[in-house]
Amino acid sequence: MSFHIYIKNKQIITHSQLLKNKHLPVDTKISFGIYPQELLDGYSKFYLPKLSSRGVAVTTSLDKYDVEVNVGATKDDWRLAVKISLALGEINNSTIEPEFDDEISLDEFETNYNEKWIESIKHLSIESFIQVQKESGGALTFMGCVRHYYAGDYIIDTLSKNTDSQEMFNDKLIEEIRKIQHLEDYEDNIEFPSVRIMDFPNEGEKKLTIFPANFKVLLPKADYVILMKKGGEVAKIHFDNFIKHITPKAKRIDEFQYIIYPIEENEHYQMLMHFKSMETI
């Protein structure tokens, strides 16, 4: 459920060398805290602020680069994949081998893999992805260029409303994946609590996230939500139980994640004590 473009790897380069190539848009960014001076080695992801949903993955092996575009990518991601492929081809003085095609020159690649091609492939595998979801009954995870987006029954039903065609649904889904990557552009003063993994006796590894007072947050999917008072009590709450309690102050933005609007210290403490008291029941 992805599309690959292969370029021969003939020399070691840094992310910065790729970013500075004439083919790449000047505002291209690297995901996941990789610094430009680091070697382009292993797995990297590139994206365009405000425009990308999935971004473009580049996997580097000893003999080739694998430029990958995943299901749910925006047209800007597809354009970026073409630009990255051209840049790597130029830097390595190499031909380009798109999936399902023969090796071709840079000029041929730039001519053939154009806007018409992008329009023809922009909804790559979305229908298959949705079918997998319907058959499994679970939720699909779209690993974006900044954060995850989850789509299950709720999201598919929501996006299907007032939707006249499969193409319209596909566009709406891609737009939702894009928006969550750049949520700061739509929600002022929003914070993003991290998810930590801890090992619990009789439970194994569980994902935890802390919900603070006085902040608007994007609450990520976790097993437990932690409420705490500095130097005081701590409550560990099952994620679903916390969501049921907090729903009046929350906005659902995908299958699992919610924007929670600020809760004052007093109310936050009352909620902590409410869940704390339930631990002994």
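The values are calculated or read from the model by the stated rules, or taken from the named source; none is laboratory data. Bear in mind the structure is a predicted one, so any value in this text is a computation, not a measurement. Every residue, glycine as well, gets a Cβ built from its backbone with ideal geometry; the counts of neighbours run over all protein chains shown.
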For the stretch 58-79, how many residues meet the condition of being buried (at least 22 other Cβ atoms within 10 Å of the Cβ), of a type in the set (Ser, Thr, Tyr) and in a strand (DSSP E or B)?
1
Being modelled with pLDDT of 95 or more and either among the hydroxyl-bearing types (Ser, Thr, Tyr) or at positive phi (or both) is true for just one of Asn214, Asn202. Which residue is that?
Asn214
State whether the residues of the stretch 25-48 include one that is closer than 13 Å to His4 by Cα and either crowded, with 22+ Cβ neighbours inside 10 Å or under 21 Å from the mean Cα position of the chain (by Cα) (or both).
no
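In the stretch 221-252, which residue that is in a loop (DSSP other than H, G, I, E, B) and among the small types (Gly, Ala, Ser) is nearest to Tyr149 (Cα to Cα)?
Filtering the stretch 221-252 down to residues in a loop (DSSP other than H, G, I, E, B) leaves 221-223, 229-233.
Add one more test, that the residue is among the small types (Gly, Ala, Ser), and what stays is 222, 231-232.
Values: Ala222: 13, Gly231: 34, Gly232: 34 Å.
Filtering first and then ranking leaves Ala222.
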Applying the selection to the stretch 197-220, what residues are under 21 Å from His268 (Cα atoms), out of contact with any helix residue (DSSP H, G or I) (no Cβ under 7 Å at 6 or more places or on another chain) and in a strand (DSSP E or B)?
Leu208, Thr209, Ile210, Lys216, Val217, Leu219
Of all the residues that make up the stretch 6-20, how many are buried (at least 17 other Cβ atoms within 10 Å of the Cβ) and assigned to a loop (DSSP other than H, G, I, E, B)?
2
Looking at the structure I just gave you, is Phe200 out of contact with any Pro (no Cβ under 6 Å at 6 or more places or on another chain) and under 24 Å from Asp254 (Cα atoms)?
no
Give all pairs with beta carbons closer than 7 Å in which a residue from the stretch 54-81 that is more than 18 Å from Ile126 (Cβ to Cβ) meets a residue that is small (Gly, Ala, Ser) and in a helix (DSSP H, G or I); count only pairs at least 6 apart in sequence or on separate chains.
Val67/Ala81; Val67/Ser85
Of Glu68, Glu90, Glu38, which residue is out of contact with any Pro (no Cβ under 8 Å at 6 or more places or on another chain), closer than 29 Å to Tyr186 by Cβ and charged (D, E, K, R)?
Glu68
Checking Ser53 against (1) surrounded by 19 or more Cβ atoms within 10 Å (Cβ to Cβ); (2) not in a loop (DSSP other than H, G, I, E, B), only one condition comes out false. Which one?
(2)
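Against the condition among the hydroxyl-bearing types (Ser, Thr, Tyr) and touching a Leu at 6+ places or on another chain (Cβ under 7 Å), how does Thr163 come out, does it pass?
Values: among the hydroxyl-bearing types (Ser, Thr, Tyr): yes; touching a Leu at 6+ places or on another chain (Cβ under 7 Å): no.
Spelling it out, it is not the case that Thr163 is among the hydroxyl-bearing types (Ser, Thr, Tyr) and touching a Leu at 6+ places or on another chain (Cβ under 7 Å).
Checking the condition crowded, with 17+ Cβ neighbours inside 10 Å, charged (D, E, K, R), within 25 Å of Ala57 (Cα to Cα) and free of Cβ contacts under 8 Å to residues at least 60 places away in the same chain, which residue from Glu184, Glu110 passes?
Numbers: Glu184 fails: crowded, with 17+ Cβ neighbours inside 10 Å.
Matching residue, one of Glu184, Glu110: Glu110.
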Qualifying residue in the stretch 191-212 (condition: over 19 Å from Tyr150 (Cα atoms), hydroxyl-bearing (Ser, Thr, Tyr) and surrounded by 14 or more Cβ atoms within 10 Å (Cβ to Cβ)):
no
Cβ pairs under 6 Å, 6+ apart or interchain, first in the stretch 189-214 and in contact (Cβ under 8 Å) with a residue 40 or more places away in the chain, second outside any strand (DSSP E or B), ordered by first then second residue, are Ala213/Ile263; Ala213/Glu265; Ala213/His268; Asn214/Pro262
